[in-house]
Amino acid sequence: KLSLSYGDKLAFYDVSLKLNQGCVTGIIGPSGCGKSSFVQCLNRMTEMIDDVSIKGDIFLDEKSIFDSRVELMGLRKKVGIVFQEPTPLPISIASNIELPLKEHGHTNINEKVEEVLKDVGLWDEVKDKLRSPANNLSGGQKQRLCLARTLALDPEVILMDEPCSSLDPVSTEKIESLIDKLRGKYTILIVTHNLAQARRVCDHVHAFWFNANLGCGEIIESGTCVQVFESPQTSTVKEYIGGFKG
């Protein structure tokens, strides 16, 4: 029963859902129905925004993430996030991964850098230029570096907010292949406007929609990917998937 407001303006209302461990869960729906706001609640990124109010609760490992005993850095280590625009730090490729590892007191840092760059299929492309600026990479490489930086901290959950929206088709295919490779090892939540992408990568799907009466977003349908895409229960989702509404 999660709701979020910016000042007196509701972003979404009364959202209840479950992320199944080891599965890829998709959030679909048109712009302006609170999808990104919802995702940013899940590791308390919304607390960085002024005048945000949250009602309801979020549980990870059966504990509320809003409990006063929850340490924020520890939460964000468990629940990593990859944003719509690739966000490498303006430092070297290797340092982007080394910095969070050092912050969390990790040892064997060089080995971990190589491991996660291999995990995201980037090692062979950058192994000879690890000390080059990360901003010299292509858009797709930057996004894979950001994913490697998230994986380095061994999260339980990976949040992806439109991770392919600024990428070309080849880079998008690489990110989707990575998601498929990570399935089972991590619990993944992906927000996407790309319905074909949701159908390709998701196990479960939740459809957000703007409720004009409430003036905010809400969930109007949930189910397995097959259920939602092949047998939608609401006319709105049926028309949206069919390309007649959005």
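The values are calculated or read from the model by the stated rules, or taken from the named source; none is laboratory data. Small disclaimer: the values here were computed from a predicted structure and weren't measured. Please note: Cβ atoms are built from the backbone with ideal geometry, for glycine as well, and neighbour counts cover all protein chains shown. Quick note on the areas: whole protein, heavy atoms, side chains included, nothing else; ligands and nucleic acids left out. Shrake-Rupley method; radii C 1.70, N 1.55, O 1.52, S 1.80 Å.
Which of Glu162, Glu230, Glu85 ends up with the largest GNM mean-square fluctuation for the chain, with Cα atoms connected below 10 Å?
Ranking Glu162, Glu230, Glu85 by mean-square fluctuation puts Glu230 first.
Using a 1.4 Å probe on the protein chains only, how many percent of the accessible area of the chain belongs to carbon and sulfur?
The value for the chain is 48 percent carbon and sulfur by accessible area.
So what's the projected area for the range 206-246, the Cα convex hull averaged over all directions, in nm²?
Its Cα hull, projected and averaged over all orientations, spans 2.8 nm².
If the cut-off is a Cα-Cα distance under 20 Å, which lysines reach Lys127, setting aside same-chain residues fewer than 8 apart in sequence?
Straight-distance partners of Lys127: Lys112, Lys118, Lys142, Lys174.
Pairs Lys63/Lys185; Lys18/Lys77; Lys18/Lys102: which exceed 23 Å Cα-Cα?
Result: Lys18/Lys102 exceed 23 Å.
How big is the range 5-55 along each principal axis, measuring the range of its Cα positions in Å and listing the largest first?
Over the range 5-55, Cα extents along the principal axes are 34, 23, 17 Å.
Scan the chain and report its longest stretch carrying no trypsin sites (Lys or Arg not before Pro) that are both in a DSSP loop and have at most 14 other Cβ atoms within 10 Å.
Value returned for the longest uninterrupted segment is 186-244.
Averaging over all projection directions, find the projected area of the Cα convex hull of the range 40-83 and quote it in nm² with one decimal place.
That works out to 3.4 nm².
In square angstrom, what is the accessible area per residue of the range 64-143 with a 1.4 angstrom probe?
Normalised by residue count, the accessible surface of the range 64-143 is 54 Å².
Can you say what percent of the DSSP beta bridges in the chain, counting only those with both residues inside, are antiparallel? Round to 5.
50
Using alpha-carbon positions, what is the distance between the centroids of the range 123-170 and the range 186-240, in Å?
What the calculation gives is 26 Å, centre to centre.
Where the Cα atoms of the range 21-175 are projected onto their three principal axes, how long is each span, largest first, in whole Å?
49, 38, 31
Tell me, how many Å apart are the Cα centres for the range 68-106 and for the range 1-58?
For the range 68-106 versus the range 1-58, the Cα centre distance is 21 Å.
Whole-Hz ³J(HN,Hα) for each residue in the range 4-11, computed from phi via Karplus 6.51 cos²θ - 1.76 cosθ + 1.60 with θ = phi - 60°, x for glycine and proline: what do you get?
For the range 4-11, the Karplus-derived couplings read 9, 10, 9, x, 9, 9, 5, 9 Hz, x marking Gly and Pro.
Treating the beta-carbon of each Lys and Arg as +1 and of each Asp and Glu as -1, no other charges, what is the dipole magnitude of the range 82-140 about its Cα centre, to the nearest 20 debye?
That gives the range 82-140 a dipole magnitude of about 160 debye.
Taking H as built 1.01 Å from N, whose amide H comes closer than 5 Å to the amide H of Gly223, not counting residues under 5 places away?
Close amide H contacts, sequence-distant or interchain: Val205.
Taking the 0 to 90 degree range and rounding to the nearest ten, how far is the long axis of helix 109-119 tilted relative to the main principal axis of the chain, both from C-alpha atoms?
Approximately 50 degrees, to the nearest ten.
Positive end of the dipole of the chain, charges at C-beta (+1 Lys, Arg; -1 Asp, Glu), about the Cα centre: which of Thr25, Leu60, Val126 has its Cα farthest in that direction?
Farthest along the dipole direction, towards plus: Val126.
For the range 156-246, what does the accessible surface come to per residue with a 1.4 Å probe? Please give it in Å².
For the range 156-246, the per-residue accessible area is 47 Å².
Return one number: the angle in degrees, 0 to 90 and rounded to the nearest 10, between the long axis of the Cα atoms of helix 139-151 and the longest principal axis of the Cα atoms of the chain.
Relative to the chain, helix 139-151 is tipped by roughly 90 degrees.
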